[in-house]
Structures are given as C-alpha cells and as structure tokens.
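The values are calculated or read from the model by the stated rules, or taken from the named source; none is laboratory data. None of these values were measured; they are calculated from a predicted model. Note that each Cβ is placed from the backbone with ideal geometry, even for glycine, and that neighbours are counted across all protein chains shown. Side chains included, ligands, DNA and RNA excluded: accessible areas come from the protein's heavy atoms. Shrake-Rupley method; radii C 1.70, N 1.55, O 1.52, S 1.80 Å.
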Amino acid sequence: MFIFKRVSHLQEWVHQKRAEGASIGFIPTMGALHSGHLSLVEKSKSDCQATMVSIFVNPKQFNDPDDLIKYPRPVEKDIELLYNNGVDVLFLPEVEDIYPPGVATTIDFDAGEAAETMEGKFRPGHFDGMAEVVHRLLRITTPDMLFMGQKDYQQFSIIRKLIDDFALSVQLVMCPTVREENGLAMSSRNERLDLSVRQKAGLIHQLLSEGKTLFENGTSVADIRRKFFDTLEKADFKPEYFEVVDGYTLLPVETPDDAQQIVACCAVYAGEVRLIDNLIWKNS
Ligand code: AMP
C-alpha cells in the first residue's frame, strides 16, 4: 500500500494506473476507521481495479470546535486496517495540501433546501465545508467511482447534487449502513460512549424500525416522532430531530404515498456524543 501525503505524488500514481487502464475507486473518510468504512473498501475492491482511501479530518465541516478537537485520530491503527484490507493507496494530506494558502478552494454550490433541514439546520455551515472538501478531493483524485455510506444519508444526497451540478465524471455508489450487534450504526464517535450507553443506544435503530411499521399501518409522522422522543428521553438520551423525508428532495412527507423513496432520519445526543442514523422506509 502506498501512503501519499502530497497531491502531486498521489496524482502521479493515478496517472500511472489510468495509463494501465485500471478503474479507480475512492473512499473519502475522516479516519478512526471501523467496519462501516471497511465495507466501502470491500465494495470498491469488487467494483474497481484499484482502491484509494483518504483520511482527512476536514476542519471546515466542524461547526463545533470542541468536536473537531475531540475527533479521534488513531492513524497508525487506521494504516494497519487499510493495509490488511488490501487498499492500494492511502491519501493522508495535511490541511495545507487540501487548502493551500492563496489557492481558491471555495465553490459556488448551493445544495438548496436539501441542505437546510436536519443536519443543515443543527450544524450550520457543515454541508458547505463538506461539499467543498469532497469537491476538492474529487478534483485531486479523479476517481471513476466514489463510495459513500447510507449512514450519512443527507451527505450522500448533497454529494449527488454536487456531482450533477458540476457535471463531475464520477459514479456515486451508496453502501448500506453497517451496524453493531444491537443495531447501533457504526460510527467513529461510538468509541466515546460508555459501554452501558453504547449498549442502550441500540434503541435508536429499534425505534426507527418500529416507526417504519407504524408508518406503513397509517400512524401519523407526528405520533411516531412523539414516541421516538418520549422513549429516548426516558432512556436518558436527548433526541435532536426526527424527520421523515422524500429520499431525493429531503422535503418532509406525511404518508407512504407521498414519495417513491422515503427515509426516516434522526440525530440523538448520548451525553455529549451526537449520533445520527436513518432507515429507508420505502424504496419503490
Ligand atoms: P466519515 O469517516 O465519518 O467521514 O465517513 C466516511 C464514509 O464512511 C462516509 O461515506 C460514511 O457515510 C461512511 N460510513 C460511516 N459509518 C458507516 C457505517 N456505519 N456504515 C456504512 N458506511 C459508513
């Protein structure tokens, strides 16, 4: 496995692979890797001839400076995991490699209403920073395929729009959410949970699943939301939002007939740790 820190070194490798006729898959991450990330690696390896992963904790997408400081950075362990999982290249840039002084990196991109709800509402500026870094990483790495997790459903939708708006030549692939045994969506943030809280946090997925059945049987979104909030609050969690949205526009829906694809999305605080999750309730 090659580890490149400089853009020019990475690009030399990309040019060489391209000259050999290899298709290249790319997985952008912020590190602290777990089985969720590795499922994206596996998918890339099955769909492409070469796989690149980047680890870059993007300061521009953290609206809470404390969250940025506390974000785990176990780089040695990550390198070992990527090596053991057959990744061809790890791109490990510094902030100056991605945002070189004097280089215009901001983009003229408006994700519209899709960026204003849910994460966009509670983490102002998050999606601007995220779209900017993914755009920059795609321009640097020029992959054939980009693999992203359903875990960050809203992020995926915004990147889909970014690729369309800028007519970027890359195929975007959504990979299913990988969960812990109790249903909790795997996340680098789970490491910060006490064991007992981590076990209890399976409740989030349980409620998303129960909500799907209630929704299919005609229960209103308002009633499902109330149950979601009440149950989690009784278990000492602090739900931040629970929204049922059209899977393409991310606008709220009320009934199963309102959209072809429907997704229930939520954010929940466990102490100071903010967890997000979602479940596709309809896919037709
Ligand atoms: P992150 O390192 O959190 O920025 O995530 C990098 C990529 O891994 C994103 O496309 C995430 O959606 C994806 N990802 C994170 N957690 C999971 C998970 N539990 N299952 C599937 N994909 C995930």
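List of remarks:
- Residues of the stretch 228-242 that are open to solvent by 50 Å² or more (accessible area, probe 1.4 Å) and either within 24 Å of ASP110 (Cβ to Cβ) or assigned to a loop (DSSP other than H, G, I, E, B) (or both): ASP236 alone.
- GLN154 vs. criteria within 13 Å of the ligand (Cβ to nearest atom) and either among the hydrophobic types (A, V, I, L, M, F, W, C) or over 17 Å from ALA32 (Cβ atoms) (or both): yes
- Scope the stretch 108-144; condition surrounded by fewer than 16 Cβ atoms within 10 Å (Cβ to Cβ) and either more than 30 Å from LYS45 (Cβ to Cβ) or small (Gly, Ala, Ser) (or both); matching residues: ASP108, ASP110, GLY112, GLU113, GLU116, LYS121, PHE122, PRO124, GLY125
- Matching residues, the stretch 249-258, being farther than 16 Å from ARG225 by Cα and either surrounded by 20 or more Cβ atoms within 10 Å (Cβ to Cβ) or among the hydroxyl-bearing types (Ser, Thr, Tyr) (or both): THR249, LEU250
- Among (1) in a loop (DSSP other than H, G, I, E, B); (2) free of Cβ contacts under 8 Å to residues at least 40 places away in the same chain; (3) open to solvent by 50 Å² or more (accessible area, probe 1.4 Å) - the single one THR105 does not satisfy: (3)
- Note on the stretch 1-91: enclosed helices (runs of 4 or more DSSP H) holding 3 or more residues that are under 26 Å from VAL178 (Cα atoms) and in contact (Cβ under 8 Å) with a residue 24 or more places away in the chain are 35-47, 75-84.
- The condition of being assigned to a helix (DSSP H, G or I) and more than 10 Å from the ligand (Cβ to nearest atom) holds for ASP164.
- Within the stretch 150-183, the set of residues being over 22 Å from GLN206 (Cβ atoms), open to solvent by less than 20 Å² (accessible area, probe 1.4 Å) and without any contact (Cβ under 8 Å) to a residue 60 or more places away in the chain comprises PHE156, ILE158, ILE159, LEU162, ILE163.
- Screening the candidates VAL7, VAL75, VAL87, VAL14 for the property of being closer than 23 Å to HIS135 by Cβ, within 16 Å of the ligand (Cβ to nearest atom) and aliphatic (A, V, I, L, M) yields one hit, VAL87.
- Given (1) in contact with a strand residue (DSSP E or B) (Cβ under 8 Å, 6 or more places away or on another chain); (2) within 21 Å of CYS48 (Cβ to Cβ); (3) open to solvent by less than 40 Å² (accessible area, probe 1.4 Å); (4) part of a helix (DSSP H, G or I), number of the condition PHE147 does not satisfy: (4)
- One residue stands out in the stretch 170-213 among those that are part of a helix (DSSP H, G or I) and among the hydroxyl-bearing types (Ser, Thr, Tyr): the one that is nearest to the ligand (Cβ to nearest atom), namely SER188.
- Restricting attention to the stretch 22-67, the residues that are aromatic (Phe, Trp, Tyr), open to solvent by 10 Å² or more (accessible area, probe 1.4 Å) and within 11 Å of the ligand (Cβ to nearest atom) total 1.
This table checks each residue for (1) over 23 Å from LYS121 (Cβ atoms); (2) more than 18 Å from the chain's Cα centre (by Cα); (3) among the small types (Gly, Ala, Ser).
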site: LYS200; (1), (2), (3): yes, yes, no
site: LEU207; (1), (2), (3): no, yes, no
site: PHE229; (1), (2), (3): no, yes, no
site: GLU243; (1), (2), (3): no, no, no
site: TYR248; (1), (2), (3): no, no, no
site: LEU251; (1), (2), (3): no, yes, no
site: ASP257; (1), (2), (3): yes, yes, no
site: ALA267; (1), (2), (3): no, no, yes
site: ALA270; (1), (2), (3): no, yes, yes
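- Complete set of residues in the stretch 179-195 that are of a type in the set (S, T, N, Q) and in contact with a Pro (Cβ under 8 Å, 6 or more places away or on another chain): SER188
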